[in-house]
Amino acid sequence: TPCFWPSRCGEPENTDYAVYLCKRTMQNKQRLELADYEAENLARLQKMFSRKWEFIFMQAEAQAKVDKKRDKLERKVLDSQERAFWDVHRPVPGCVNTTEVDIKKACRMNRHSKMSRVSTWPNYAVPGGRISPTVSELDISNPVDLAYREHLHTIELLKKKLEKRRVKISKVTESYVSYYEQYAEYDAFCTPADPTNPWITDSPEYWDQDKTMSARDIPLRRVKRWAFSVEELMKDPAGKDQFSKFLDKEFSGENLKFWLACQDLRGLKLSELHERVHEIYSEFLAPGAHNPVNIDARIAELVRKRVEDNPNRYCFAEAQDHIFKLMKSDSYSRYIRSDMYKDFLSGTRKKVRLLLPSIASNFTFKHT
């Protein structure tokens, strides 16, 4: 059995390395698969030792048979030792070969070069070491050029980081295509708006529809948009109303009420702000509140201190974000899967199917 301690053997030969790589290819185990650089080394060694490759292969085959007879635990230990040995003597390209370079000496040299680069200011034999140089001494030592070069180097590094893509172009393209396919129905350039765009037709019907439209008259594509994300649902007044009804059925309507109260607080008059902050706190967060919301103790204590010390528009920011995440991860997904949303969606579909024959008959009547 070869000894795998680098201090007890000389520099290993390439034939031994070829036997090791060849033996690993014979073992059908995922943890023993060759890395890319090892596969390249094996191909290079096979060309180098083409005349005696049969002998190398026979040696590898014999060692593999011996390894199979060993105990499983012993075999794993020997495999790890042998792999570590060759990682030291045949390291990954780009890594330091520790058998050729003294790591301690290299570290000391790097440390000295860094210290010499930093210590460009003149030192003086005074208590405390350095003092601020005068203008003439600054010109003589010329540390400005050094700082300028360091800043240029930093700028170059930042430019390289900007050019480096964090996401693959193929993935970006897929996300753009999926986003376009999802929102193509709602793009006014692709699909005509219903009702028409008020900025083009001078008709206020688009703005008045929420005041006059009942729940049964909501278009199908508008209801389908609620399933895109909780943000899309909260943008639509009708969707927000339906979501509120669902939360009331689930006995968690206070979450949406608290979130809406915090949203309204951001646009409130300054004269009414102080009173409204205390009202929200007493209703949702204070001990014994009428509609308590579920937040952790850390956020509750933080909000309490803000309300007592300096009540402002954003004193409930952490609690509001926490409640929104709860609704997004739990309540919203349950609403989209619920029968309430499915029934509402199917109701709008039925309404569209009923309208289609009447539209067709009107079209036929006008053209007869």
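Here are the numbers for the structure shown:
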{"item": "Subset tally (residues that are outside any loop (DSSP other than H, G, I, E, B) and either at positive phi or outside the structural domain of residue 264 (by TED's automatic domain parsing) (or both)) for segment 282-313", "result": "0"}
{"item": "Residue within segment 236-249 that is of a type in the set (A, V, I, L, M) and out of contact with any Gly (no Cβ under 6 Å at 6 or more places or on another chain) present", "result": "yes"}
{"item": "Matching residues in segment 141-194 - criterion: being closer than 30 Å to residue 236 by Cβ and of a type in the set (Val, Ile, Thr)", "result": "172, 173, 177, 191"}
{"item": "Of the criteria (1) at pLDDT 50 or above; (2) over 30 Å from residue 223 (Cα atoms); (3) not hydroxyl-bearing (Ser, Thr, Tyr), which one residue 121 fails", "result": "(1)"}
{"item": "Positions within segment 314-343 being part of a loop (DSSP other than H, G, I, E, B) and surrounded by fewer than 21 Cβ atoms within 10 Å (Cβ to Cβ), in sequence order", "result": "314, 338"}
{"item": "Unmet requirement for residue 194, which otherwise passes all of (1) more than 22 Å from residue 221 (Cβ to Cβ); (2) among the charged types (D, E, K, R); (3) surrounded by 11 or more Cβ atoms within 10 Å (Cβ to Cβ)", "result": "(1)"}
{"item": "Only listed residue being in the same structural domain as residue 332 (by TED's automatic domain parsing), among the charged types (D, E, K, R) and surrounded by 13 or more Cβ atoms within 10 Å (Cβ to Cβ), chosen from 257, 249", "result": "257"}
{"item": "Residue list for segment 23-38, filter: free of Cβ contacts under 8 Å to residues at least 12 places away in the same chain and part of a loop (DSSP other than H, G, I, E, B)", "result": "28, 29, 33"}
{"item": "Criterion (closer than 29 Å to residue 311 by Cβ, in contact with a Pro (Cβ under 8 Å, 6 or more places away or on another chain) and part of a helix (DSSP H, G or I)) met by exactly one of 247, 273, 256, 260", "result": "273"}
{"item": "Selection from segment 250-270 of residues that are of a type in the set (Asp, Glu) and touching a residue at least 60 places away in the same chain (Cβ under 8 Å)", "result": "250"}
{"item": "Segment 73-113, subset among the hydroxyl-bearing types (Ser, Thr, Tyr) and under 22 Å from residue 40 (Cα atoms), residue modelled with the highest pLDDT", "result": "80"}
{"item": "Pairs where the first residue, in segment 52-79, is under 19 Å from residue 14 (Cα atoms) and the second is acidic (Asp, Glu), C-beta under 9 Å, 6+ apart", "result": "79/67"}
{"item": "Filtered residues of segment 9-20 (kept if more than 16 Å from residue 66 (Cα to Cα) and of a type in the set (A, V, I, L, M))", "result": "18"}
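The values are calculated or read from the model by the stated rules, or taken from the named source; none is laboratory data. Remember, it's a predicted structure, so these values are computed and weren't measured experimentally. Note that each Cβ is placed from the backbone with ideal geometry, even for glycine, and that neighbours are counted across all protein chains shown.
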